[in-house]
Amino acid sequence: MDILYVFLQGIYSIVLCLTVLLLIHCLFSNITQKDGKEPPGPTPYPIFGNFPQLYLKKTHVTLLELSKQFGSIFTIYLGTKKVVVLVGYNAVKEALVDYAEVFGERDLTPIIDEHFQGHGIVWANDDTWKEMRRFSMINLKDFGMGKKEFEDKIIEECHYLMEAFKQFKGEFDVKQSLNNATANIFCSLIYGNRFDYNDLEFTSLVHRTCRNTTLLSAPSVQLYNMVPWIGKWFSYPNEFKKAFAANREQQRKLVSHLKETLDPKMCRGFVDAFLIHQDNLEKSGITTSHFHNENLLITIMNLFVAGTETSARTVTWGLFLMAKYPKIQEKVREELSSVVGNRQVQFKDRTELPFTNAVIHETQRLTAVAALGLPHRTSQDITFRGHFIKKGTAVYPFLFSVLSDESKWEKPYTFYPEHFLDKDEKFIQRDAFMVFFCRFVINFLSRPSLLTDII
């Protein structure tokens, strides 16, 4: 009798579970079809949404395929979370430029929200973001961002990078050295000094930063964002958390050291400027401002990420493309030799280097390091391109689709520097060149104000 009871209980549990799953599936189906004005999209699976479809192939390939079926604006579900995807130049530009106030908020995933908690300049909204963005832009410019002195820092770091390359014999991986170099350029702005490539604490910080950037797009981390109670059993989310904690502690030690040696009359970098401003507010009796230690740490971490992994990855792609296309490499070399000769290339030379400038831009376009862009969120209800989108809906501007839009680029999937040259071989800027993410060093020659686009 007991065995029969247990058996029936098991059957009952299975039937109940299947019933619930079917109800969820039906609910999702109704959600996607209940209002014809909402963006269409593929029917999601129970619990996991469209996650299985997105990761059977490369995500950007799947999204392009879905756009052919559903158009330039469609809906997917990441777990139970509704996400509207914008595809192509016209849709992305209209949302992020023409309706910037509506689509301007940052959408936070669980793993991001747990660690950044609304602080900093990348994963913040409202007054925190506005205050930190304003302060960062003003002070980074004061320390040379977009000016001749910052160009000098880049040139200096390039010399250290070349010396590091010379230490290798035969074939070698350029990734770590490039990561160190791009990170150091921002260290000079943030802390007021660079670090030696043999400094283990520095290189560990850089390695963890780059690793965490990669982990954020890993399927198991995406699964954690959708179903935290399942995803937490995977190793990658836990690896991200440990690396983040280690980086935060290391940044705290660096800030503590700078605070101990702070001289208000000699501001060394961004951290000093923040600490001085924080102290002035406290002396004025203001204790509830956004200038607190947590905001400082998270802002530093945001800036450090912005200047490191994606910049180094784009430079790495540039080296690869030069090796793959020797004729283009030779044309760049000839132009540099003709215009610059044996002296150091400078920012002001860019107007006389149209082909080299075009190659730099084309490298960024083709490689699309930040293919999916950063997630946005609607600040109010809006009818956009004939579709109703509710307030608080996550919106993904699919940047890869902009940089490979067949209506805007003659050869979207080919390395073709002529995309940025007119019939007279003069450099031209393209409206569809939307690179909104953190490739500062490679982009410095063409856009010294890039960081203002990031933040």
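The values are calculated or read from the model by the stated rules, or taken from the named source; none is laboratory data. Only a predicted model underlies this, so the values are computations on that prediction, with no experimental measurement involved. Positions of Cβ are backbone-derived with ideal geometry, glycine not excepted, and every protein chain shown enters the neighbour counts.
Here's the yes/no breakdown for (1) in contact with an Asp or Glu (Cβ under 9 Å, 6 or more places away or on another chain); (2) over 20 Å from Phe400 (Cα atoms):
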{"site": "Phe48", "(1), (2)": "no, yes"}
{"site": "Phe51", "(1), (2)": "no, no"}
{"site": "Thr75", "(1), (2)": "yes, no"}
{"site": "Leu86", "(1), (2)": "yes, no"}
{"site": "Tyr89", "(1), (2)": "yes, no"}
{"site": "Glu94", "(1), (2)": "no, no"}
{"site": "Ala100", "(1), (2)": "no, no"}
{"site": "Pro110", "(1), (2)": "no, yes"}
{"site": "Phe116", "(1), (2)": "no, yes"}
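Note down all Cβ pairs under 7 Å where the first residue falls in region 254-279 and is touching a residue at least 60 places away in the same chain (Cβ under 8 Å), the second is buried (at least 19 other Cβ atoms within 10 Å of the Cβ) and acidic (Asp, Glu), and they're at least six residues apart or on different chains.
That search, which allows pairs on different chains as well, returns Leu258/Asp272.
Within the bounds of region 376-383, is there any residue that is surrounded by 18 or more Cβ atoms within 10 Å (Cβ to Cβ), under 14 Å from the mean Cα position of the chain (by Cα), outside the structural domain of Gly88 (by TED's automatic domain parsing) and more than 17 Å from Asn125 (Cβ to Cβ)?
No, the conditions are met nowhere in region 376-383.
What are the residues in region 278-314 that are of a type in the set (Ser, Thr, Tyr) and surrounded by fewer than 18 Cβ atoms within 10 Å (Cβ to Cβ), if any?
Selection gives Ser284, Thr287, Thr288, Ser289.
Taking into account only those residues within region 329-352 that are in contact with an Asp or Glu (Cβ under 9 Å, 6 or more places away or on another chain) and among the aliphatic types (A, V, I, L, M), which is nearest to Asp173 (Cα to Cα)?
Filtering region 329-352 for residues that are in contact with an Asp or Glu (Cβ under 9 Å, 6 or more places away or on another chain) and among the aliphatic types (A, V, I, L, M), the one nearest to Asp173 (Cα to Cα) comes out as Leu336.
Inspect region 279-298 for any residue being in a helix (DSSP H, G or I), over 29 Å from Val369 (Cα atoms) and of a type in the set (A, V, I, L, M) and give the result as yes or no.
Yes, the conditions are met somewhere in region 279-298.
If I go through region 224-240 residue by residue, how many of them are modelled with pLDDT of 90 or more and surrounded by fewer than 16 Cβ atoms within 10 Å (Cβ to Cβ)?
Within region 224-240, residues that are modelled with pLDDT of 90 or more and surrounded by fewer than 16 Cβ atoms within 10 Å (Cβ to Cβ) number 1.
Residue by residue through region 315-364, note down the ones that are of a type in the set (Gly, Ala, Ser), surrounded by 13 or more Cβ atoms within 10 Å (Cβ to Cβ) and under 21 Å from Asp422 (Cβ atoms).
Ala358
Is it true that Val359 is modelled with pLDDT of 95 or more, assigned to a helix (DSSP H, G or I) and in contact with a helix residue (DSSP H, G or I) (Cβ under 9 Å, 6 or more places away or on another chain)?
yes
When you scan region 219-274 for helices (runs of 4 or more DSSP H) that lie fully inside it, which ones turn up with 3 or more residues that are in the same structural domain as Cys187 (by TED's automatic domain parsing) and of a type outside the set (A, V, I, L, M, F, W, C)?
Qualifying helices (runs of 4 or more DSSP H): 219-226, 235-260.
Just to confirm my filter: which helices (runs of 4 or more DSSP H) fall fully inside region 92-143 and include at least 1 residues that are at pLDDT below 90 and in contact with a strand residue (DSSP E or B) (Cβ under 8 Å, 6 or more places away or on another chain)?
126-142
Those residues that are surrounded by fewer than 16 Cβ atoms within 10 Å (Cβ to Cβ), charged (D, E, K, R) and assigned to a helix (DSSP H, G or I), I need them from region 145-166; list them, please.
Lys148, Glu149, Asp152, Glu156, Glu163, Lys166
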